[in-house]
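Only the coordinates and a few stated rules stand behind these numbers; no lab work does. Computed from a predicted model, the values in this text were never measured in an experiment. A quick note on method: Cβ atoms are made from the backbone with ideal geometry, for glycine too, and the neighbour counts reach across all protein chains shown.
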Amino acid sequence: MPCEVNTRFVILYGSQKGQAQSIAEGIAVEAEDHGLVAELSCLNQSEKYNLEKEKAPVVFIVSTTGDGEPPDNALQFVKGIKKKTLSTDHYKHLCYALLALGDTNYANFCNCGKTIERRLQALGAKQFYVTGYADDGVGLEVVVDPWLEGLWKAIKGALSKMASDKVDPLKGPVGDSPKQDPDSLLPDVELNLLSLNDHQNCKSVRALAITDSKYARTASYSASDEGTTLSDARPASPVLASQSHDTASVSTAASDTHKDGGAPHVPLAASLTCSLPPLSQSSLNVPALPPPYLHVSLQDVDSREQTVGHLNNENVHEVPIERAIQLTTGDLVKTSLLLELDTSAYPTMTYLPGDSFDVFCPNRATEVEDMLCRLGLQDKKHHQVHVSLNKDTKKKGAQVPSYIPPSISLLYLLTWCLEIRTVPKKAFLRALVEHTGDTVQRRRLQELCSKQGATEYNQYVRDPGLSILEVLTAFPSCSPPLCLLIEHLPKLQPRPYSAASSCLKHPGKLHFVFNVVEFSACSGRPVGRRGLCTGWLFDLINPGKPKCSGSHALPKIHVSLRPKCSFRLPSDLSVPFVMVGPGTGVAPFIGFLQQREKERQDNPEAVFGETWLFFGCRYRDRDYLFREELEGFVTSGVLDHLKVSFSRDELEMEGNEVTTSVARPRYVQHNLLLHRQQITEILLKKNGCLYVCGDAKNMAKDVNDTLIEIIKTQLQVDQLEAMKTLAGLREEKRYLQDIWG
């Protein structure tokens, strides 16, 4: 008589911006369709689960934030499992699967997931399904979708094995059992989805093999200025279009006609709103539509609040902008600005060079008004918004978003609470289908959210960074309800910036530098636009406009210091260090050098380690940021070596001499190679430190590769050994990065 198989399993997630939570919730929703019972909890909800006694399979969905750190709601869990007092058989009863989310634009890719997996295995836990490492740099769905498809058979296989193994239900991973149904797991194929550099943190990585061309990506990721990340579609059971309730609109791919009854519409070129064969003639696999779970009502109560009340807490301070300086000239370079904030009214708001802080910016007023018009709610913008859960919702872990305060107006909601600039997820596009009247437009939205349309979603929505408003403008027959936006749009996140000053030199002041980011026009965006926060700051200070004098109040912004970081000067003054910061990446190093200058004045007898700065820009006379200050540091002896590269000029600077050179160093990594012997000596013989700040997508990777090449040639070792050496520096906190996407 066959053993009775339990149907219960556990889902635990750690999420910073909602991607991991969304995926975990999707698994919980879909479990019922597979005859399973899912228990969903956040990792910080320790009262809801007990891994020490858990006998059911456990599925972890975790993201990584910052410099490889766990999400805030997973931090305590990670600290707990890292305790050295735990025995090697602490979790010998536990079987698990893990999906890690990360971004290969950052050095510590999926580090939280790797950390959890290493500790689970060290404590005796067994893996029942291959680990997935999803990369937001190329699209989470590339790994997430096939990983989810194979998860259900793996869970059922684990449950079946646990039921049949009465005596010792966990002799090894489920896939090791000769009795295991071969179809219960994905094929046991291993494909390393990580770049070689990622092995510095994980020697052996099992990653999901993807061989189906329908998941292939051909377009590259184009990041936003403030590092806003793209959440993947909320996973749900994919259904053939011909089996869904949208059969009418989906099955007419080859026969959609104009409303006037004319010939079938055949676009001359594919675009956001138009597709070509074979996609336009394909049957589609579109995600199942999860039912709405929020109830939203508007009350005719005038709520004309003008203050950002939910920001007025002990950690957020409203400070005036005392000074604004444009650091660049000419129209061939990015506009770089330095702002000086007056923090003297908040004596507790102290920081160290290397620290960063958040700027809380609103959504652009014109975009908020356009959204109100698009929703048909412009005459109700001062009405009070009430959000509650649908009484009959079956959504696991459903809750009203915590970032929506009570008793706020609709205008306030769209201005300060929701990220209306976010790129819509495929799950959002799927939900928009239900509120789109035109059949051609419905079909196109279905294509963009389908598996078959993944490449075009990336090309026309994700890569150009289209906002939900831009998508709605492109599909005029789509009229979503307000509740849909609240369910799918994430929290409006503050934007982080590095401090570009030292409190020792500028007491009561905080400096920061930024580029005004420009997004060019494209399909779906007829007119270019500026980055959300940088554009807002630019408009706020009106560079070039005569400043008002007299009683006019200075503009103020809300800021909050971020948690303490490790991107700090060596505590030992004698330790040498190297700084690499092209463009605005030089900002924290200005603070470093100001601090060192003051320390030299206060400790005239102390021995100070030598200092190097590798800076790069396009033109010597247009975007050489902080030129006078940097050269002053060299003159005073605070900075021993200033190495500057100009990518567009024909001249190069070496010390104080200007020479013409055909083989001039164009970028900071070229200058690093020229001084590889000194760099190696500082890092490997003098136990010095190296700091890198700037663009993660290109510069930081190039610098990392250059450092590996330097170690290879200088130590005469192979690639793997060089990577291990660099990984050791990172683990010792002597190779530190402050980078952004």
Considering the convex hull of the alpha carbon atoms of the range 577-740, report its projected area averaged over all viewing directions, in nm², one decimal.
-> 9.9 nm²
Peptide ranges 111-120, 10-19, 679-688, 520-529 listed from the most packed, as the mean C-beta count within 10 angstrom indicates | 10-19, 111-120, 679-688, 520-529
Please work out the Cα center distance from the range 608-635 to the range 52-108, rounded to the nearest Å.
-> 42 Å
Work out, step by step, the length gained on full extension between residue 606 and residue 37: first 0.36 nm times the residue separation, then minus their alpha carbon distance; give nm to one decimal.
-> 198.3 nm
Residues whose placed amide H lies under 5 Å from that of residue 694, excluding near-sequence neighbours | 738, 739, 740
The FRET efficiency for residue 75 and residue 709, from their Cβ-Cβ distance with R0 = 22 Å and rounded to 0.05, is 0.05
How high is the FRET efficiency from residue 564 to residue 93, r the C-beta distance, R0 30 Å, rounded to 0.05?
-> 0.20
Residue 687 to residue 439: FRET efficiency via 1/(1 + (r/R0)^6), r the Cβ-Cβ distance, R0 56 Å, to the nearest 0.05?
-> 0.25
Classify the range 549-613 as rounded, prolate or oblate from the Cα gyration tensor: take a ≥ b ≥ c as the square roots of its eigenvalues, call it rounded if a/c is under 1.5, otherwise prolate when a/b beats b/c and oblate if not.
-> prolate
Pairs over 21 Å Cα to Cα, from 114/153; 48/79; 334/491, come to 114/153; 334/491
Which residues' amide hydrogens lie under 5 Å from the amide hydrogen of residue 328, considering only partners 5 or more residues apart or on another chain, with H built in the peptide plane?
-> 336
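Only loop residues by DSSP count here, and only those with at most 11 other Cβ atoms within 10 Å; note down the chymotrypsin sites (Phe, Trp or Tyr not before Pro) in the range 387-437 that meet that.
Answer by residue number: there is no such site.
Beyond a 26 Å Cα-Cα separation, which of these cross-linked pairs lie in this structure: 84/126; 53/425; 83/126?
Among 84/126; 53/425; 83/126, the Cα-Cα distance tops 26 Å for 53/425.
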Measure off 7 Å from each Cα along the Cα-to-Cβ vector at residue 313 and residue 149, then give the distance between these two points in nanometres to one decimal.
-> 4.2 nm
